[in-house]
Amino acid sequence: MTLRSIFTTILASVAVLVSAQDSLPISIPQTLIPQQQKKNFFNHLDASVTVGSTGIGFDLAMPVGDYVQIRTGAAFFPHIKLKMTYGLEMTGDSEKGNDNNNNEASNTPTERTTSFEKAARVLKETTGREVSPTVSMWAVPRYNNFKFLVDVFPFKDKRWHITAGFYIGNTNFARAYNRTEDMPNLLSVNLYNHLIDKLKDGGDIFTWEGEAVSIPEQLKESALRNGYIAVPFGVLKNDVVKDGQLVYHKGDTYYVMPAEDNMIHTEGYINKFKPYIGFGYGGHLFKGSDTMISFDAGMMFWGGSPRLVTHDGVDLVHDLPKIRGSVGRTVDFVKTFTVFPVFNVRLTQRIF
């Protein structure tokens, strides 16, 4: 359904609701409509500020008859940061025993720490760089929406209202990225992983004045056995394709490693168009006041679970059955939002 057809359908519905108030066909000439009914068509404007689960916003409302009004406006989610922390491990340790359900390594934390410390020592001795076993990320919402809503007041006192309409907003509703303070640490991770790539390719680590510098075979085998420094997120339940290329196979263990820019980041995506249905209740802020206060509650339909896509193309929601740690808890929380709950408080002032 196109945006134009949606607008046409909503406006047609409003017309039917208005005409139904006095059982008047739409085709009846305007001169036959009672004067009181004519006065209630777009004869005043209300301005509101809103705050709630959709963020901070505003809307403008005008009546379309005695018991219907249309509202339009926007809502913007505050720029807040939620911290998440994850641990770096050696892929060789994680490969010793993966469980498709919880992705826990079979070796002990002490063994994992020892392997990581060995890798950190090698990196320090060869490059002078230090690496820490933990990295923190910021999760930042970017949830901004335009709204078009139709309120129907079923009772004469007009305290209760039923609302239907839609929100249209950005598809990239959230982003997670590592803190700036952790970029040197991720640079060190990339340096170490580059050394492992060199060893796996069978090449020398580097050359000095034309002479190859390599390491003893025993140390090379130990380094390859320990693997890369990365974050094991789980066993993939789908093939992963990025830019038309198959990058991961179903059943592979997915390890998060820093991108070429020494960053780890994830983007959250939802549908741009989100239908809404709800109800509300309102009245005067206090006796004798011309300021109104109302409460709205309802559901914004996202059309399925959001997608959380990492920098290398893996969808943490749909491609992985389970992720451990604070990142996993965040992903599990996001999975529940096929329908976004809306709870808003609205303060309204009559403009004219």
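Quick notes
- Dipole check for region 36-88: with +1 at the C-beta of Lys and Arg, -1 at the C-beta of Asp and Glu, and the Cα centre as origin, the magnitude is about 140 Debye.
- Rg of the Cα atoms in region 281-335, relative to 2.2 N^0.38 Å, amounts to 2.02.
- For region 236-249, 3J(HN,Hα) per residue [Karplus equation, 6.51 cos²θ - 1.76 cosθ + 1.60, θ = phi - 60°, Hz, x = Gly/Pro]: 5, 9, 9, 5, 10, 10, 10, 6, x, 10, 6, 9, 9, 9
- Taking only Cα atoms of region 235-313, radius of gyration then Dmax in Å: 22.5, 68
- Listed peptides 248-258, 150-160 by packing density, highest first (mean Cβ within 10 Å): 248-258, 150-160
- Sparse packing (at most 16 other Cβ atoms within 10 Å of the Cβ) combined with a DSSP loop state is found for the following GluC sites (Glu not before Pro) in region 115-166: E130.
- Charging the Cβ of each Asp and Glu at -1 and of each Lys and Arg at +1, and nothing else, the dipole of region 134-279 about its Cα centre rounds to 1440 debye.
- Interchain or long-range residues, amide H under 5 Å from M300's placed H: F340, V342
- Within straight-line cross-link reach of K272, lysines at Cα separation under 20 Å, skipping those fewer than 8 residues along the same chain: K147, K335
- Calculation over all alpha carbon pairs of region 137-264 in 10 angstrom steps from 0 returns a P(r) of 9, 21, 26, 16, 10, 8, 5, 3, 1, 0 percent.
- Residues K274, K83, sorted so that the one with the fewest Cβ neighbours within 10 Å comes first: K83, K274
- Counting neighbouring Cβ atoms within 10 Å and putting the fewest first, the residues E267, E260 line up as E260, E267.
Just so you know, all these numbers are worked out from the coordinates, no wet-lab data involved. Note that this is a predicted model, so its numbers are computed, not measured. Here Cβ is always computed from backbone atoms with ideal geometry, including for glycine, and neighbour counts include all displayed protein chains.
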